[in-house]
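The values are calculated or read from the model by the stated rules, or taken from the named source; none is laboratory data. Nothing here was measured: the structure is a model prediction, and the numbers come from that model. Please note: Cβ atoms are built from the backbone with ideal geometry, for glycine as well, and neighbour counts cover all protein chains shown. Accessible surface areas use protein heavy atoms only, side chains included; no ligands, DNA or RNA. Shrake-Rupley method; radii C 1.70, N 1.55, O 1.52, S 1.80 Å.
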Amino acid sequence: MSKTKSEKQPFWLRMLERPKHIGKTNALLLGVAWLIISAILGWHFRLVPISSCGFTVSGYVSLSWMLIYNIIIWVVSCLLLFALAVLRKRSTGALETFARLLYARWPVTLLMIPAMFESQRIAYATFMSEPSLCFEQTPVFATLMAIIWTIVMAWYFYWSYLAFSRAQQKSGVITFIIFVVGFGLSYPLSKIVMTELYALM
């Protein structure tokens, strides 16, 4: 039985480009699994999402609400990208776009790890809300967080681009520019939505 082009690639390269090769159904199932894991971790360690790429320390939040918050972040972070994808190619599927972009989000969960250490929770919350203040108060922790955040965001950005281009079956400079615009705007949009949501709670 002949192997497909992706199967002939080295394992590390297949993993690096996973959102491009994974099937739509598997992307959705694995994405939902990570969304649930993220909600459970947030509920256990009392970490709520504040944007598409950030968390902060909170008081008690029920598991059901934590799941709702994560679903809202997923939907909001994908809306602009999907809208732009449809403008680029009208036949772009909503399910495939949202499923692949959800799968591409799972590296963001790694940003929770530093907050799991009790002694660093205040510094963590400070970094997520006011990075410059965190650098003044705890420069070592702030530097470490900046490195972690940069690596995770680069990973998230790259996987999201692969998911975006695969969903509409288009790549190239124009697709990349459209993606960068959508990805960049999705961050402030998600932050505004979550800020307003928490203000109403």
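Name the pairs: first residue in the range 67-84 and over 17 Å from TYR198 (Cα atoms), second residue open to solvent by 20 Å² or more (accessible area, probe 1.4 Å) and part of a helix (DSSP H, G or I), Cβ to Cβ under 6 Å, at least 6 apart or on different chains?
Pairs that qualify, where the first residue is over 17 Å from TYR198 (Cα atoms) and the partner is open to solvent by 20 Å² or more (accessible area, probe 1.4 Å) and part of a helix (DSSP H, G or I), are CYS78/PHE98; LEU80/LEU185; LEU84/ILE178.
For the range 39-78, enumerate the residues that are under 15 Å from the mean Cα position of the chain (by Cα) and surrounded by fewer than 17 Cβ atoms within 10 Å (Cβ to Cβ).
ILE71, ILE72, VAL75
Does GLU136 meet the test of being at pLDDT 90 or above, in a helix (DSSP H, G or I), under 27 Å from SER160 (Cβ atoms) and of a type in the set (Asp, Glu)? Explain how you work it out, then say what you get.
Numbers: at pLDDT 90 or above: yes; in a helix (DSSP H, G or I): yes; under 27 Å from SER160 (Cβ atoms): no; of a type in the set (Asp, Glu): yes.
No; evaluated as a whole, the condition is false for this residue.
If you go through the range 139-150 one residue at a time, do you hit one that is farther than 19 Å from PRO49 by Cβ and not in a helix (DSSP H, G or I)?
Looking for residues that are farther than 19 Å from PRO49 by Cβ and not in a helix (DSSP H, G or I), one finds none in the range 139-150, hence no.
Among the numbered conditions (1) out of contact with any helix residue (DSSP H, G or I) (no Cβ under 6 Å at 6 or more places or on another chain); (2) closer than 26 Å to ASN26 by Cβ; (3) in a helix (DSSP H, G or I), tell me where LYS191 comes up short.
(2)
Identify the residue in the range 92-105 that is farther than 13 Å from TRP74 by Cα and not in a helix (DSSP H, G or I) and, among all such residues, is least open to solvent (accessible area, probe 1.4 Å).
So, considering only residues that are farther than 13 Å from TRP74 by Cα and not in a helix (DSSP H, G or I), the one least open to solvent (accessible area, probe 1.4 Å) is THR92.
The rows are residues; the columns are (1) closer than 29 Å to CYS134 by Cβ; (2) touching a Pro at 6+ places or on another chain (Cβ under 9 Å); (3) assigned to a helix (DSSP H, G or I).
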| residue | (1), (2), (3) |
| --- | --- |
| ILE40 | yes, no, yes |
| PHE55 | yes, yes, no |
| SER77 | yes, no, yes |
| ARG90 | no, no, no |
| PRO107 | yes, no, yes |
